[in-house]
Amino acid sequence: MKPFMYVRAHSVDEAAAAHAGRSTSRYLGGGTNLVDLMKLGVESPRTLVDVTALPLDAVEELRDGSVRVGATVRNSDLAAHPLVRERYPVLSQALLAGASGQLRNMATTGGNLLQRTRCPYFQYLGKPCNKREPGTGCGARDGVHRDHAVLGQSPHCIATHPSDMAVALAALDAEVELYGPGGRRTVPAAEFHRLPGDRPDLDTEIRHGELITGVVLPPETAGLPSAYRKARDPRLVRVRARVRGRGPGRRGLRRTRGADRIRRSGAPALARAAGRAGAGGRRADR
Amino acid sequence: MGTEAFQSVVPLTVNGRSCRVTVDHRSTLLDVLRERLGLTGAKKGCDHGQCGACTVLVDGRRANSCLLLAVAQEGRDVTTIEGLRAADGEGTHPLQRAFVERDAFQCGYCTPGQICSAVGAIAEAEAGHPSHVTDPQTPAGSAVELAGDEIRERLSGNLCRCGAYPHIVEAVEDVTR
Ligand SMILES: Cc1cc2nc3c(=O)[nH]c(=O)nc-3n(C[C@H](O)[C@H](O)[C@H](O)COP(=O)(O)OP(=O)(O)OC[C@H]3O[C@@H](n4cnc5c(N)ncnc54)[C@H](O)[C@@H]3O)c2cc1C
Ligand code: FES
Ligand code: FES
């Protein structure tokens, strides 16, 4: 690991100023992905700006009935929060389907959205990877890729995004709040993650130096019956369904594809639904 | 740039004792505990958050110390297996005794992490934190009873190469029943 400077920011402006939009600066949330990637040499920042002391650690109801989740709320606290469990059960269940109790105690909402792929070619410097080093090729395409994307992949990259939480946020029509040199803006969670296309190095719509300040869950999807099912190997597909409307004729059944590799009979229907929903590929990690 | 830009003095409380350690920013809490403070109870298994052998309690919550940068733990209260005590402050923690009584290990490498993880898991369940196997209909905030599958799920971040899992679950059940 290369030596780096460490700054703990106490306000959003202080964080943005310390980061200064430098290509070598990184925000530090729980560190469960970033520190891991630094050990592997995939990330080697010169400056880490710790955002965990920012006043962004609340889950609160806003006047319009939406629920705002601060960027530094830990995954375990979010999954346990009464507003989330009662109104957005799919979000609580998605969080609890991922990682481990220890990791969820550390992981933050912002960091979860920006975690990188767990594709082994991305994580291993000895192999080519267009996501890690554009132009070097995709090692997975002709390599070991049982866990990789079927839907939404491109000739340049077949990696999936591993966030379970992001699948639930997309289904709930959540918005991601960003703050950066250009001011504040919001991006729908369903559009936040990009398909790889010819720029697999760009996972999301975030601009360099921008900070995630929070996620807003809208009143429209509060209280809808929803659930999260994570199918693990051998089917390697994650699908989340939310039923809109109550009673017979439930129109607008909505599924968010969590991923990836659909190889069993019965799967084509899921694949079609997933294709319609058009979210980025994600894969189960454990 | 001098090396001082890449290191910091970090005040910490470890097992009830305050200390100040000068750390290279690259050091993890696990390395500081083991190599600087001589607390070798927490183990390094994978060093990537996958095995749980390095689990300690930070401000009472369980965490993988191999992924925590020591510099980011300023002012935190860290408890390792060496610092666990019975409620009255005397003698070993009930989980430590239960692990011995149930023979819940073979080589013992994963044990400090298993016990710290179980201490954290019990507190989470008491505080009403659900797990993947908790019935979603359980009212938010009410304590979750820890037995069988709840224990297996909540301790799934702690691997045991020796496969002592059945006895680990029994040891935790002895304490939660
Ligand atoms: C063994 C293991 C198993 C896992 N299994 C799963 C799983 O099954 N499902 C799943 O969904 N996830 C899984 N994860 C991933 C885990 O959920 C993520 O590592 C975690 O959510 C990242 O959050 P963090 O706060 O630790 O992020 P960090 O590691 O701190 O940061 C991740 C990225 O986000 C950036 N960042 C952090 N906060 C902000 C912010 N506020 N604004 C802008 N940028 C920011 C950082 O610069 C970095 O690039 C697993 C991880 C491990 C180690
Ligand atoms: S050593 Fe930390 S989880 Fe394995
Ligand atoms: S007792 Fe040997 S690894 Fe668990």
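Of note:
- Restricting attention to the range B:101-111, the residues being crowded, with 24+ Cβ neighbours inside 10 Å and either away from ligand 1 (no atom under 16 Å from the Cβ) or under 9 Å from residue B:171 (Cα atoms) (or both) number 2.
- Residue that is surrounded by the fewest Cβ atoms within 10 Å (Cβ to Cβ), among those in the range B:112-125 that are within 14 Å of ligand 2 (Cβ to nearest atom) and farther than 17 Å from residue B:87 by Cβ: B:112
- For the range B:122-167, filtered to residues that are of a type in the set (Lys, Arg) and either more than 10 Å from every other protein chain (Cβ to nearest Cβ) or within 15 Å of ligand 3 (Cβ to nearest atom) (or both), the residue that is farthest from residue B:97 (Cα to Cα) is B:161.
- Out of B:156, B:142, sole residue that is of a type in the set (Gly, Ala, Ser) and within 16 Å of ligand 1 (Cβ to nearest atom): B:156
- Of the residues making up the range B:64-89, those that are without any contact (Cβ under 8 Å) to a residue 12 or more places away in the chain and outside any helix (DSSP H, G or I) number 5.
- When residue B:133 is tested against (1) open to solvent by 10 Å² or more (accessible area, probe 1.4 Å); (2) away from ligand 2 (no atom under 16 Å from the Cβ); (3) in contact with a Ser or Thr (Cβ under 7 Å, 6 or more places away or on another chain), just one condition goes unmet, and that condition is (3).
- Given (1) in a loop (DSSP other than H, G, I, E, B); (2) free of Cβ contacts under 8 Å to residues at least 12 places away in the same chain; (3) open to solvent by less than 30 Å² (accessible area, probe 1.4 Å), number of the condition residue B:53 does not satisfy: (2)
This table checks each residue for (1) open to solvent by 10 Å² or more (accessible area, probe 1.4 Å); (2) outside the structural domain of residue B:157 (by TED's automatic domain parsing).
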site	(1), (2)
B:20	yes, yes
B:25	no, yes
B:43	yes, yes
B:46	yes, yes
B:74	yes, yes
B:88	yes, yes
B:99	no, no
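- Hey, residue B:97 touching a residue at least 40 places away in the same chain (Cβ under 8 Å) and either more than 10 Å from chain A (Cβ to nearest Cβ) or more than 13 Å from ligand 2 (Cβ to nearest atom) (or both) or not: no
- Selection from the range A:66-86 of residues that are within 10 Å of chain B (Cβ to nearest Cβ) and in a helix (DSSP H, G or I): A:76, A:77, A:79, A:80, A:82, A:83, A:84, A:85, A:86
- Filter result (more than 17 Å from residue B:71 (Cβ to Cβ) and either more than 10 Å from ligand 1 (Cβ to nearest atom) or open to solvent by 30 Å² or more (accessible area, probe 1.4 Å) (or both)) within the range A:32-51: A:40, A:41, A:42
- Enumerated helices (runs of 4 or more DSSP H) restricted to the range A:95-193, each holding at least 3 residues that are within 14 Å of another protein chain (Cβ to nearest Cβ) and buried (at least 24 other Cβ atoms within 10 Å of the Cβ): A:101-106, A:164-171
- In the range B:168-177, the condition of being out of contact with any Pro (no Cβ under 9 Å at 6 or more places or on another chain), open to solvent by 50 Å² or more (accessible area, probe 1.4 Å) and away from ligand 3 (no atom under 16 Å from the Cβ) is met by at least one residue.
- For the range B:58-72, taking the residues that are surrounded by 24 or more Cβ atoms within 10 Å (Cβ to Cβ) and more than 7 Å from chain A (Cβ to nearest Cβ), the one that is nearest to ligand 2 (Cβ to nearest atom) is identified as B:66.
The values are calculated or read from the model by the stated rules, or taken from the named source; none is laboratory data. Predicted model only: the values in this text are computed from it and were never measured. Here Cβ is always computed from backbone atoms with ideal geometry, including for glycine, and neighbour counts include all displayed protein chains. In case anyone asks, the SASA skips ligands and DNA or RNA and just uses the protein heavy atoms, side chains included. Shrake-Rupley method; radii C 1.70, N 1.55, O 1.52, S 1.80 Å.
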